[in-house]
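**Student:** Have a look at the structure that comes next, please.
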Amino acid sequence: MKAFYYILAVQFLFVVSAYSQDFDFFYFVQQWPGSYCDTEKSCCYPSTGKPEADFGIHGLWPNYNDGSYPSSCDPSSQFDQSQTSSLLKRMRTEWPTLACPSGDGLKFWSHEWEKHGTCSALGQHDYFQTALDLKNQANLLQSLTSAGIEPNGNSYTLESIKDAIKQSVGFTPFVECNDDTSGNSQLYQIYLCVDNSASNLIECPTFPHGKCGSQIEFPSF
Ligand code: 5GP
Ligand code: 5GP
């Protein structure tokens, strides 16, 4: 009888570990195309045309509270276009690739799925749909412009950028900067945090490292 309960307990633990998410939260990362392009490395517009002047999705990344993260959790799961065909139009506009050489996005989306999506405990369709829906929920460009922070080459303080997003999205973001060709700090990526079931935005348990200048340029695109 004892052995029976032991086996039952082991099976229970196995099932729980197989179905629970082995990470603490997600970073939802959006990139400003003007800043991706305005660097030494430059960029290439997608083969489907120049993206809108809006933040684009970079990825939805499972993360641990200590700052580390799991990656490439299932090498046997390749990106399968057929599972996201109903999302393709939205992915092209809201998750455009800017890397060179020009591509249609498949390489970028495959990379994000294989590196991060396979650790998310979501299926492919849900993983991409969740990210697209989060972008609708957190309209960064509108949050910034309604606070007078516009992509016109002017510079703003880090506090004003964070406050504008906190005001309108409800949560404090992490702002990542890169350098333009003259070495000015510019607004590159914005990180928001999401609970590990991918249902709600949350305050970030941990912020990534990195530093912006005291004045942050917001270039046009
Ligand atoms: P970079 O070194 O350019 O900041 O990041 C390179 C890549 O590493 C990112 O595109 C992303 O895939 C991954 N990465 C960087 N920092 C983090 C992080 O804090 N959390 C997670 N989950 N992934 C990260
Ligand atoms: P991560 O940094 O998430 O590991 O992945 C970034 C990878 O996706 C790099 O290999 C990069 O070349 C490719 N990539 C393709 N398009 C884009 C883009 O528009 N933005 C960024 N950040 N990476 C892209």
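The values are calculated or read from the model by the stated rules, or taken from the named source; none is laboratory data. In this text the structure is predicted, and so the values were computed from the model without any measurement. Using ideal geometry, Cβ is built from the backbone for each residue, glycine included, and neighbour counts are taken over all protein chains shown. Surface accessibility is based on the protein's heavy atoms, side chains included, excluding ligands, DNA and RNA. Shrake-Rupley method; radii C 1.70, N 1.55, O 1.52, S 1.80 Å.
**Student:** Can you tell me which residues in region 180-194 are farther than 13 Å from residue 215 by Cβ and surrounded by 14 or more Cβ atoms within 10 Å (Cβ to Cβ)?
**Tutor:** The answer is 188, 189, 190, 191, 192, 193, 194.
**Student:** If you don't mind, another one. Confirm whether residue 54 is surrounded by fewer than 19 Cβ atoms within 10 Å (Cβ to Cβ) and in contact with a Leu (Cβ under 8 Å, 6 or more places away or on another chain).
**Tutor:** yes
**Student:** Determine, yes or no, whether residue 59 is more than 19 Å from residue 128 (Cβ to Cβ) and at pLDDT 95 or above.
**Tutor:** Judged against the criteria, residue 59 is not a match.
**Student:** Continuing with the same structure: Going by the structure shown, is residue 28 outside any loop (DSSP other than H, G, I, E, B), within 13 Å of ligand 2 (Cβ to nearest atom), under 18 Å from residue 127 (Cβ atoms) and at pLDDT 95 or above?
**Tutor:** The answer is yes for residue 28.
**Student:** Taking region 94-110, which residues are surrounded by 16 or more Cβ atoms within 10 Å (Cβ to Cβ) and either hydroxyl-bearing (Ser, Thr, Tyr) or modelled with pLDDT under 95 (or both)?
**Tutor:** 97
**Student:** Here's another thing I want to ask about it. Residues that are more than 16 Å from ligand 1 (Cβ to nearest atom), more than 20 Å from residue 192 (Cβ to Cβ), surrounded by fewer than 17 Cβ atoms within 10 Å (Cβ to Cβ) and not polar (S, T, N, Q): does region 112-125 have at least one?
**Tutor:** There is at least one residue in region 112-125 that is more than 16 Å from ligand 1 (Cβ to nearest atom), more than 20 Å from residue 192 (Cβ to Cβ), surrounded by fewer than 17 Cβ atoms within 10 Å (Cβ to Cβ) and not polar (S, T, N, Q).
**Student:** A further question follows. Limited to region 74-93, what total is found for residues that are away from ligand 2 (no atom under 16 Å from the Cβ), within 16 Å of residue 132 (Cα to Cα) and open to solvent by less than 30 Å² (accessible area, probe 1.4 Å)?
**Tutor:** 2
**Student:** Being under 19 Å from the mean Cα position of the chain (by Cα) and of a type in the set (D, E, K, R) is the filter; apply it to region 37-79 and report the residue that is nearest to residue 206 (Cα to Cα).
**Tutor:** That would be 66.
**Student:** If we scan region 100-109, do we find a residue that is under 24 Å from residue 22 (Cβ atoms), within 15 Å of ligand 2 (Cβ to nearest atom) and touching a residue at least 24 places away in the same chain (Cβ under 8 Å)?
**Tutor:** yes
**Student:** Going through 120, 68 one at a time, which residue ends up being away from ligand 2 (no atom under 11 Å from the Cβ) and in contact with a strand residue (DSSP E or B) (Cβ under 8 Å, 6 or more places away or on another chain)?
**Tutor:** Checking each option against the conditions leaves just 120.
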